[in-house]
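Trainee: Sharing a structure, written as structure tokens. Questions coming.
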Amino acid sequence: MSDVQISSGNKYFLKWVAAIRRGAGPLPLPIMLMMVFSPYASAASLSLQSAEAIALRQNPGLGALTQKIAELRHKAVAVAQLPDPHLALGAVDVPLNSFSMNQQQMSMLSVGLSQTFPSFGKLGLEGQQAGIEAREATDTLRGQSAELVLLLRRAWLQALYTEDAVATVRHQEQLEAESVQAALALYRSAQGSQAEVLRAQLARDSLANDITKLQAEQASDLAQIAQILNLSEPPSIEKQWPNLPPPPTLAEVEARLSGQPLLRAARAQTRVAQMGVQVAKTGYWPDVTVSVGYGQDFYPGSPNWLSAGVDLSLPIFPGDRQDQDVAAARAKAQQARYRYDDQHLALTQQARAAFARYESHKIQLERIDRQLLPTARNAFSATLAAYSAGRAGLNAVLRTQKEVLGYALARLQHRRDLGLYAAELDFLTTQGEMQP
């Protein structure tokens, strides 16, 4: 609980005590509880760290992937098992005139059992293939968890930008109001015109549209945050900018790409496809079915019967079946390899672009803070003073006002984009066990 909440709660508690001392009489219990505990019941602003934990725990897309992993793990056990045996029950050589089982020799009831054994090594290979698919789904879950955090951070930073941008524009309204007062003073002293007063007022009033637009953007950003967190209403977020960790060097970023979960998942897909080639090659070997049966002969003096046999599939024409299956599996494996290489190149390009833009925004933000924005503010103050003294025109005042606003908003944009690219580089270098 924050110090502010504790202080507020103490204040309401003291008010309640003071009311009793004044002789106001005992208050009803609901009112007493409301006075004392209402400050504690108010929802605190949500921090980015807490929001990330909620997203990883409550997002339905990650929940579906978790169940997909469970499905594949169960499947990996099932596909490695032998097919179910077959039980056969029958009546053999039953005479139709009487249906008597002891009228003729060889009339019998039989029971048989058969078991099919797939081609050598096929079950083990299919079990390994399903296990790799389960591990690939785990990497996909980690990668999509990191993507969800990245999406949340983007919406979060954009919402903070619009919040501060509204405050910046409101501050600009105050500067515009100073220009209006200066224009009115000159107009009343017969040194300025009414047109200049109207132009100054127009420049001030037009900022209301900018505020309305920014507020709509902020509502959209908060709605996106609510969707990511699976909340029915947009949350109240902390107004403080998060301290995202600065990225490592570009060489370190590129070195970590090989461990990126989505790239690991693509590499696992390649292994699954390569395992599929080995599974297809088992088709050159026959499936074997072993059967055994027992017959009960009811004719007097006849023995009972035992039968056994082996049934083989005959892959003797492989050109249109087995050869085609192996060729298709090889093409699928090569396709998976190309996809992995393409994704690796795409992530490398994304990392290099994000790192370059991060460095660019960092330099520009430092330059605006150190030089451009202070100079623009000083230029506006000097120009406004000159205009008030009749040594400058209103156009110069409005231009310098616009420059102040432009640099102030640019500073916020660079700060936002610096966080966005830091979050993107953090996503690209994800290595850990990120679980929902």
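The values are calculated or read from the model by the stated rules, or taken from the named source; none is laboratory data. Just so you know, these numbers come straight off a predicted model, no measurement behind them. Glycine gets a Cβ as well: all are built from the backbone with ideal geometry, and neighbour counts include every protein chain shown. For the accessible areas, the whole protein counts, side chains as well, though only heavy atoms, and no ligand, DNA or RNA atoms are used. Shrake-Rupley method; radii C 1.70, N 1.55, O 1.52, S 1.80 Å.
Trainee: Assuming R0 = 22 Å, what is the FRET efficiency of residue 66 and residue 346, from their Cβ-Cβ distance, to the nearest 0.05?
Mentor: Values: r = 27 Å, r/R0 = 1.21.
Calculated value: 0.25.
Trainee: I've got another one for you. Out of these labelled values of Rg and Dmax of the Cα atoms in Å, (1) 24.2, 91; (2) 38.8, 140; (3) 29.4, 93, which was calculated from the coordinates shown here?
Mentor: From the options (1) 24.2, 91; (2) 38.8, 140; (3) 29.4, 93, the structure gives (2).
Trainee: Let me ask something else about it. Considering only protein heavy atoms, what per residue accessible area in square angstrom results for the chain with a 1.4 angstrom probe?
Mentor: Numbers: 25120 Å² over 436 residues.
So the chain comes to 58 Å² accessible per residue, rounded to a whole number.
Trainee: Springs between alpha-carbon atoms under 10 Å, Gaussian network over the chain: tell me which of 107, 236, 47 tops the mean-square fluctuations.
Mentor: 107
Trainee: Tell me, what ³J(HN,Hα) does each residue in segment 147-154 have, in order and in whole Hz, if you take phi through Karplus 6.51 cos²θ - 1.76 cosθ + 1.60 with θ = phi - 60° and put x for Gly and Pro?
Mentor: Each residue of segment 147-154 in turn: 5, 5, 4, 4, 4, 5, 5, 4 Hz.
Trainee: Would you mind telling me which residue in 292, 397, 79 has the biggest mean-square fluctuation in a Gaussian network model of the chain, where springs connect alpha carbons within a distance under 10 angstrom?
Mentor: Highest fluctuation among the options: 292.
Trainee: Let me know the volume per residue of the alpha-carbon convex hull for segment 211-258, in Å³. Spell out each step's value before the answer.
Mentor: Numbers: hull volume 7.0 nm³, N = 48.
Expressed per residue, the convex hull around the Cα atoms of segment 211-258 is 146 Å³.
Trainee: Could you tally the net charge around residue 216, taking each other residue with its Cβ under 15 Å from the Cβ of residue 216, Lys/Arg +1 and Asp/Glu -1?
Mentor: Numbers: positive: 213; negative: 163, 210, 217, 221.
Cβ neighbours under 15 Å give a net charge of -3.
Trainee: Also, quick follow-up: Going 7 Å from the Cα of residue 256 along its beta-carbon direction, which residues of segment 399-425 have the amide nitrogen within less than 20 Å of the resulting point?
Mentor: Under cut-off, by backbone N: 417-425.
Trainee: Do you know the relative contact order of the chain, to the nearest whole percent, from alpha carbon pairs under 8 angstrom that are 6+ apart? Mind showing how you got there, number by number?
Mentor: Details: 555 pairs, mean separation 100.1, N = 436.
The value is 23 percent.
Trainee: Please report, to one decimal in angstroms, the Kirkwood hydrodynamic radius of segment 167-260 built from all distinct Cα-Cα pairs.
Mentor: Across segment 167-260, the inverse of the average 1/r is 18.0 Å.
Trainee: Further question: Between residue 91 and residue 208, what is 0.36 nm times their sequence separation minus the Cα-Cα distance? Round to one decimal in nm. Could the numbers behind the result be given before it?
Mentor: Numbers: separation 117, 0.36 × 117 = 42.12 nm, distance 9.35 nm.
Net length gain for the segment: 32.8 nm.
Trainee: Compute the length gained on full extension between residue 195 and residue 330: take 0.36 nm times their separation in residues and subtract their Cα-Cα distance, giving the result in nm to one decimal. Can you show the working numbers first?
Mentor: Details: separation 135, 0.36 × 135 = 48.60 nm, distance 7.89 nm.
The span from residue 195 to residue 330 would gain 40.7 nm if fully extended.
Trainee: Shifting gears a bit: In the chain, once you exclude exposed trypsin sites (Lys or Arg not before Pro) (DSSP loop, at most 15 other Cβ within 10 angstrom), what's the longest stretch remaining? Mind dumping the intermediate values first?
Mentor: On the way: sites that count: 22, 239, 321, 391.
Segment 23-238 is the longest.
Trainee: Any idea what diffusion coefficient segment 76-187 gets from Stokes-Einstein, in µm²/s, Kirkwood Rh on alpha carbon pairs, 20 °C, 1.002 mPa s? Display every interim value, and only then the final one.
Mentor: Details: Rh = 23.3 Å.
Stokes-Einstein gives a translational diffusion coefficient of 92 µm²/s.
Trainee: Which value in nm describes the separation of the simple spin-label points at residue 74 and residue 356, placed 7 Å from the Cα toward the beta carbon?
Mentor: It works out to 4.9 nm between the two label points.
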